[in-house]
1. Of all residues in the stretch 236-269, which are within 15 Å of ARG131 (Cβ to Cβ), touching a Lys or Arg at 6+ places or on another chain (Cβ under 7 Å) and part of a helix (DSSP H, G or I)?
2. Among the residues of the stretch 188-202, is any under 33 Å from the mean Cα position of the chain (by Cα), surrounded by fewer than 16 Cβ atoms within 10 Å (Cβ to Cβ), at pLDDT below 95 and not hydrophobic (A, V, I, L, M, F, W, C)?
3. Of the residues GLY247, GLY225, only one is within 21 Å of ALA192 (Cβ to Cβ) and either among the acidic types (Asp, Glu) or free of Cβ contacts under 8 Å to residues at least 40 places away in the same chain (or both); which?
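The values are calculated or read from the model by the stated rules, or taken from the named source; none is laboratory data. This is a predicted model, so every value here is computed, not measured. Counting neighbours? That spans all protein chains shown, and the Cβs are built from the backbone with ideal geometry, glycine included.
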Amino acid sequence: MASSTQCFLSHLALSTPTTSTRFSSQRQVVNVRSKAKQFLVCKAKKQAIQEDDGNNIIVSRRLALTVLIGGAVVGSKVSPADAAYGQSANVFGKPKTNTDFLPYDGDGFKLSVPSKWNPSKEVEYTGQVLRYEDNFDTTSNVVVTVTPTDKKAITDYGSPEEFLSQVNYLLGKQAFFGETLSEGGFDPNAVATANILETSTPVIDGKKYYVLSVLTRTADGDEGGKHQIIRATVKDGKLYICKAQAGDKRWFKGARRFVESTANSFSVA
């Protein structure tokens, strides 16, 4: 448009040399320029309208897309099973439980027993109400005894060490009797030793317990000794004792966890 206007203006200027014609040509130039300006303005407005329409179309499309995406998010509610798929979650089965131990509710007490231990009919101590032992090694076992007492609390027996001296029958018996020389780390004429490794006095539900970890050794033992954990308390005129043990060799091969967990789970109801 601009080039055609310039050609038209130069043609008029060359073909009209007179003054009147000059004035006329000036008016025509002004006219042409005004029309050209109007045309350009009109064209610019038209372009602006088209651009504005285009922007409106783009905005409308964006809004529509946003609405569609929002609707899809709201409409596609993910189920918990789908959400957990691929994660380490047991969404298709029951919650996992500890199968290494089984709960045992006795008369006035409770504890957890290793699931691979079986009940035993062997009676070792007076007042014994429970005995479970390892399927493959009877040295690993747990025993619970309940006996009458005139004590009101476990502390009436004195310190944990003093209490142990009054129930030392729990540490076992020696099959050999007679005089011996000092051998294998034992004193002369002594065929068994008991070392207290640790003691504690936890309070559970307002009731104090004595807990003792003891290592016993015998001259004729084939396990290198026995690790025994004794847990005791007094309630309603009864002395409750739980003793769990394992041989020294098995103690360090995994039996320790079962013995400690069993003893620590014991409590009076």
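1. Matches in the stretch 236-269: ALA263 only.
2. no
3. Numbers: GLY247 fails: either among the acidic types (Asp, Glu) or free of Cβ contacts under 8 Å to residues at least 40 places away in the same chain (or both).
GLY225 is the lone residue from the list that is within 21 Å of ALA192 (Cβ to Cβ) and either among the acidic types (Asp, Glu) or free of Cβ contacts under 8 Å to residues at least 40 places away in the same chain (or both).
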